[in-house]
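Shown next, in structure tokens, is the structure this report addresses.
The values are calculated or read from the model by the stated rules, or taken from the named source; none is laboratory data. Quantities reported herein were computed from a predicted structural model and do not represent experimental measurements. Positions of Cβ are generated from backbone atoms using ideal geometry, with glycine treated the same way; all protein chains shown enter the neighbour counts. For the accessible areas, the whole protein counts, side chains as well, though only heavy atoms, and no ligand, DNA or RNA atoms are used. Shrake-Rupley method; radii C 1.70, N 1.55, O 1.52, S 1.80 Å.
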Amino acid sequence: MKFFVDTADVAAIRELNDLGMVDGVTTNPSIIAKSGRDIKEVTAEICAMIPGKPVSAETVALDAEGMIAEGRELARIADNIAIKVPLTWEGLKACKVLTGEGRMVNVTLCFSANQALLAAKAGATFISPFVGRLDDINIDGMELIAEIRQIYDNYDFPTEILTASIRTVNHMKEAALLGADVATAPPAVIKSMANHVLTDKGLDAFLQDWAKTGQKIL
Ligand code: G3P
């Protein structure tokens, strides 16, 4: 499963990228607002850090024509831009046109299997189902990932399932178990995957025993 980082925090992306943990980056208008930076400037910086790997930048127009124009403008930032459009009828129209031009398109704000089916038919490069926001309203977000995986496999759709709105390490594990192509998560969630209470406990015991030996490695 590919790891995308769901942030515009350049330092956090760099730290994970140095460990080989970054296969792409996703942003949205809320993430750009949180960064406090100019969308083109910060996106260009991220694209340069991970050349050849997709960096999603989101349009904000509501009509297809506007999304297409904004998407083309965002794609000028770098070769590795994936244009993000919302899963609306207008967004699907924009997806069809932009992918027809050979551009990567990430169709976002997906909350149902039928929406994901439409995105695949429109040629989406990525579909972004938001699992955390479904969990927020007492619908199991991971069930949606399983449904989309089955539908895409039934018909060999090449659209990649990009599990989004990930909030917990369990979302990461479940996405991987279900065969999601990609998971995009905040840096803190990715780093938390390394944590285990038994690792900490075991390390503590080893260090206590080591101290008894009086030995040094270096
Ligand atoms: O990738 C989409 C993500 O940014 C949304 O996450 O936590 O705002 O639902 P969240």
- When you look at Val105, is it part of a strand (DSSP E or B) and touching a strand residue (DSSP E or B) at 6+ places or on another chain (Cβ under 6 Å), yes or no? yes
- Query: Can you spot a residue in the stretch 81-93 that is away from the ligand (no atom under 15 Å from the Cβ), modelled with pLDDT of 95 or more and at positive phi?
  - Reply: no
- Task: Would you check which residues across the stretch 17-28 are open to solvent by 10 Å² or more (accessible area, probe 1.4 Å) and more than 10 Å from the ligand (Cβ to nearest atom) and list them?
- Result: Asn17, Asp18, Leu19, Gly20, Met21, Asp23
- Check on Thr108, within 16 Å of the ligand (Cβ to nearest atom), touching an Asp or Glu at 6+ places or on another chain (Cβ under 9 Å), open to solvent by 10 Å² or more (accessible area, probe 1.4 Å) and touching a residue at least 40 places away in the same chain (Cβ under 8 Å): no
- How many residues are free of Cβ contacts under 8 Å to residues at least 60 places away in the same chain and crowded, with 19+ Cβ neighbours inside 10 Å when one looks only at the stretch 51-69? 7
- Message: Based on this model, can you work out whether Ala75 counts as open to solvent by 40 Å² or more (accessible area, probe 1.4 Å), small (Gly, Ala, Ser), more than 16 Å from the ligand (Cβ to nearest atom) and free of Cβ contacts under 8 Å to residues at least 40 places away in the same chain?
- Response: no
- Note on the structure: Within the stretch 145-169, restricting to residues that are outside any loop (DSSP other than H, G, I, E, B) and crowded, with 23+ Cβ neighbours inside 10 Å, the one that is nearest to the ligand (Cβ to nearest atom) is Ala164
- Any idea which residue in the stretch 174-195 is farthest from Ala113 (Cα to Cα), counting only those that are open to solvent by 50 Å² or more (accessible area, probe 1.4 Å), among the aliphatic types (A, V, I, L, M) and in a helix (DSSP H, G or I)? Ala188
- Task: Looking at (1) in contact with a Lys or Arg (Cβ under 9 Å, 6 or more places away or on another chain); (2) within 26 Å of Ala12 (Cα to Cα), find the lone condition where Phe111 falls short.
- Result: (2)
- In the stretch 126-138, what count of residues is obtained for those that are more than 15 Å from Ala116 (Cβ to Cβ) and away from the ligand (no atom under 11 Å from the Cβ)? 2
